[in-house]
Each structure stands twice: as C-alpha cells, then as structure tokens.
1. Can you pull the mean other chain C-beta count within 10 Å for peptide B:104-116?
2. Take A:Lys137 and A:Asn38, extend 7 Å from each Cα along the Cα→Cβ direction, and tell me the distance between the two endpoints in nm.
3. Mind putting together the pair-distance distribution for the range A:79-185? All Cα pairs, 5 Å bins, whole percent per bin, short to long.
4. Would you mind putting A:27-34, A:151-158 in packing order, based on average other-beta-carbon counts within 10 Å, highest first?
5. Using the C-alpha gyration tensor of the range A:168-313, what are the square roots of 5 times its eigenvalues, in whole angstrom, with the largest one first?
6. Before rounding to the nearest 500, sum -39500 (n - 2.57) across all DSSP H runs of length at least 4 in chain A and divide by the residue total; then give [θ] at 222 nm in deg cm²/dmol.
7. Using the C-alpha atoms of the range A:11-75, what convex hull volume per residue, in cubic angstrom, is computed?
8. Go from 0 up to the bin containing the longest alpha carbon distance in the protein assembly as shown, width 20 Å each, and give me the % of pairs per bin.
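Derivation of every value follows stated rules applied to the coordinates shown; laboratory data play no part. The structure presented is a predicted model; accordingly, all values stated were derived computationally and were not measured. In this analysis, Cβ positions are derived from the backbone assuming ideal geometry, glycine residues included, and neighbour counts consider all displayed protein chains.
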Amino acid sequence: MNAIECHRLTRQFDRLVAVADLDLVIPAGTIFGFLGPNGAGKTTTVRMLCALIAPSSGTARVAGFDVQTQAAAVRAATGILTETPGLYDTLSALENLTFFARLYGLSAMQAAERAAHYLRLFELWERRHDPVGGFSKGMRQKLAIARALLHDPPVVFLDEPTAGLDPAAARAVRDVIKTLRAGGRTIFLTTHNLAEADELCDLIGVFRTRLISLDTPANLRARLFGQSVRVVLAGPAAPLAPLVQRLPFVSEVSAEERVLLVRLANPDQHNPALVRALVAAGADICYLEPFTPSLETVYLELIQEAVTVNGSG
Amino acid sequence: MLHWERISVLICKEWLELRRSRGLLLSTFLPPLILALLALGLIFAMGLVSDPDTAEIPAAAIDPALAGLGLEALAQVIFGRQFSTLFLLLPMVIPNVLASYSIVGEKNRCTLEPLLAAPISTGDVLLGKVLAAIIPGIALTWLCALIFAAGLGFVAIDPAVPGLVLHPGWMVMLLLASPLLALISVALTVMVSARVNDPRSAQQIAGVLIVPVMLLFFGQMLGLFVLNPVVALLFSLVLALVAVGLLWLATQVFQREKILTRWR
C-alpha cells in the first residue's frame, strides 16, 4: 500500500507557483527524504499533504485519504513536526502533550499513558512538570516530535527533526525515526542535513518547485556518477590520466594530486585490467577503493542541473 | 457539526494558560472588582454629603419614579445609575484582552500550525477561543454587578434607592447586552488579529467599542433618555444583529488556509 500518492499536485499563490505538477508515490513504511533549497516549496507541499492548505490543482492521498475531500481524516492520520516546535511555554511538558493527545481524540487516560510513554522515550520524564518555556532547544524539539507521534499516526511529517540538537540527542532522534520505520510508519523527512538523509532515507526526492529527481540514494549516485573507483598513487596522478582515459572500459577520468578518479562500466570486471595498465606504465599504486559520492555532491549536482535546464532560481 | 469534547479541551488549555499568566490575570481581573467597590464607596459618600446642586436636577421630569426622594437619596440614585452603566464596559474589555493574548499570542509563538494540524475544525477552534475569552468576561461582569447590587443595600440611605438604581432596563442590559457586547468585542479581536502582531494593538479596538456604551452613559447623565426595558431591548436587538454579522466575518477570517498563508 502507498502511504502518499500525488498526481500533478500544484499550488499557486496569486502569480507565484510554489509547487508544480508534483507526481509522487511513497510506499508505506518508507523514510522519504524531501530535499530542496530554501523557498523551493517544501513547506507548501507538506501543508498540502497534511490537509492544512488546499492544492490549486491536482490530487493527493495520504494514508488512503484524499487531502481535499477527507481533510479531517488526513489530519487524524498524520503527525507533523513543524519548522518551529510551537509549544505552549507556560504549560508543562506533560500538559502540552496531554492537550494535543486529547485534541487528537484520545481519552484522558490514553492521553496520559501516551504522554508518559513518549516523555520517557525522549528522556524528558524527570522534567515533565516543568514549564516548557524553560526547556533547551533540544528538549523542545524532542517534545515537539513526541507531540507528532502521540496519536500513533501511520504517516509522520518531520521538518528538520534534528536541527539544533546536540550530537547525542540527534542520534537518539535518528534512532527513533528508524524505530518508527520498523513499526511500519511512513516518515516524510524534510531536511538540509544531507548526511542524515543519506543515513535514514530509503527514497530521496530532490525538489525545487518541481520534483527534479526521485530514487533511492544508491540509484541517484549511480545515475549521476556511475560506478567509480578511486586510485591513490605514490606519485602525481595527472601524467597517468591520458593513459587511463584511452582504456576502452573507462568512461571518465579526473586527477587531483595523487588521486585518480576513474568511472568504469563494471568495477568488479575491469579493476584488474586498470591496475595492470597503471603498473605497466610505471605507476606505484598505494591502494584502490570504490568511490561513493556524498549525497551532498549528488544533491548539488541535481540542483545545478535543474537550474541549467530550467534557467531559473 | 461542533465537537464539544475538543472545544472543552481547548477551553481548558486556554484557561490553564491564563492561570499561569499571573500578570495578565491580575491586571485583567482586579480592576473590575475595584471598580465595583469604588462605586459603592462613592455612592455611600453621596449619602453622607448633601449637594445643593442636586436640588437643581429635574428628577421627576427625567423619571417620575424619582419624585419624592430626599436630596441625598436622589444623588445616590443618579450617581448609581450612571455608574451602573460602566459595568457594560467590562464584558467588552475583559474578553478583548483575553482573546487578543490568546490569538495574537498563538500567532507570535507559532503554535497555531500544530493546533490547526489536529483534526479539529477551525469553527471548533474559533468557538473554543471565543468561549474561553467571553465566559470569564461575562462571569466577572456579573460577579461585579452582584457585588454592586448586594453592596447597594448596605450603602443606600433610602430603601428605595437599590430598586431605582438596579432598574429593569439595567437588568436587561446586563443579562442580554453584555454577552452580546462580549461577542462583538471578541469577533473584532479575531479580525484584527489577522493583521497585527502585538496583543496591545488588537486591544485598541476596545476603544471603538466603548463609544456606544459611553453614549448610553452620557445620554443618561444629560437626561436625554431613561434606560427603560424597551430601550434596553432595542439596544440589545441592534447588538445581536451586529454580533451575528461580525461573528460571520470572523469565521471568514479564521480559516486554516488564511491563517497559514495570509496572516502576517
């Protein structure tokens, strides 16, 4: 079953098109990373999918419900961590959570139980009676995530969940996100932390008003950079680059100081021939390793491509 | 369809926040009580000192029921009637202050989006916020009026004074007009809240609302009319029409999409 399905989803504010023709299918139990620069329309997309604002055209279904005709059901089936935690400062952590749990239709007893569960999970139990106004940024963020999960929604939207958290707290949040996936929940993760997206996401969507690319992190890398190996030499790499480029199985070579970056059709098959050619040319090879570009490199490449193709910012 | 359980949850949250805001609580709830006690003190003083100017007032012409009263008792009635009109300011001012802190406050703290993401209709949210603001306002108005009415029996120098001050017209205004004034005040606050980022700016609208009540106050003082039940009912009817219109406008402003995309 698909957790989220969009078909030509579009949102326009007067003459400004914030989201254009978004086609998206996210299977249930997936962590989906929604990446894009500031002002790309990510928040507008999330708001449409949470039935907070209506699309100008197109359709979307979240957790099986139509965002326009079954808005209340969509809101009940989704949890959202907004850009700012949006907590009531004068209320305690427990009061904040029980208030929202009751709004989501939980009984007083269920609300208290769920609130206690998440306060313990996020290590806020000892501070449950303290006003939230005195909490650190990390504590507030954890409490806001707890609020998004209280009613056990099948689809959870998290906007920069680890922003402002210390490394330990960020690790705890990432572990919780993985646990949620293991429990079958779908996570729609909006983040600028590409290392985090790389670690967590099964599927990545790169977005800038339009969906630029949608694939697994591995496929995105392969599509852009193919399969590459990094050859570290004892001496300068540049003189060897023309020789390597002439090899029939090499599609691209770049050299930087002592490193050759070689793009191959099939590294398992061609690496021995590459090594033989380099040794025959007198190269001293220190070691050779598969090259995996960071998601950041992939992301920047895709955004740059989109700017070049569309000619817009 | 209204969901009263969720509305009551929202009202409880609003009141809990109010209870925790000691400054707001004291500055909103203490002055009306002082007003009631001050009015009684002044009426008591009127009964002690005979003001010769009171004899110049054509009391019987203004209201035949005042004929035959002693000068001190007449002064108490006239002063008491004027002061009693001021109680109608309370249901406008108190809910206005509470609603402005509630709505503009949520807007400033960015707590509206998580609230609107919950499966609660904007009608329910609006009703919860309106009720959370007007219930304390009306309750406090009526409490102060009760203190005033009860105290009047002790400070009046003539047993006829309380009955003449707390006349049926005033009763109608208190029971009928004050909830309507409170509704008008909160509806205007909601509309203004879309445009301002400071609760005090939203409160400025109370200044506009004071005008019709001050007209009543000065109209009575100058003897232009007596606030009898018919005048009070007509006034309340006009207020009811205004309240319905403004509440409808408030529901148009308080829409999920508008709050998230247009409110600045």
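1. Details: counts 0, 3, 2, 0, 0, 7, 6, 8, 2, 9, 15, 5, 7.
Mean inter-chain Cβ contacts per residue within 10 Å come to 5.
2. 1.4
3. Per 5 Å bin, starting at zero, the Cα-Cα P(r) for the range A:79-185 comes out as 2, 14, 25, 27, 22, 8, 2, 0 percent.
4. Working: A:27-34: 20.5, A:151-158: 22.0.
Final packing ranking: A:151-158, A:27-34.
5. Values: eigenvalues 254, 74, 35 Å².
Equivalent ellipsoid semi-axes, largest first: 36, 19, 13 Å.
6. Details: 11 runs with 120 residues, N = 313.
Helices in chain A give a 222 nm mean residue ellipticity of -11500 deg cm²/dmol.
7. Working: hull volume 5.9 nm³, N = 65.
Dividing the Cα hull volume of the range A:11-75 by its residues yields 91 Å³.
8. 18, 36, 24, 14, 5, 2, 0
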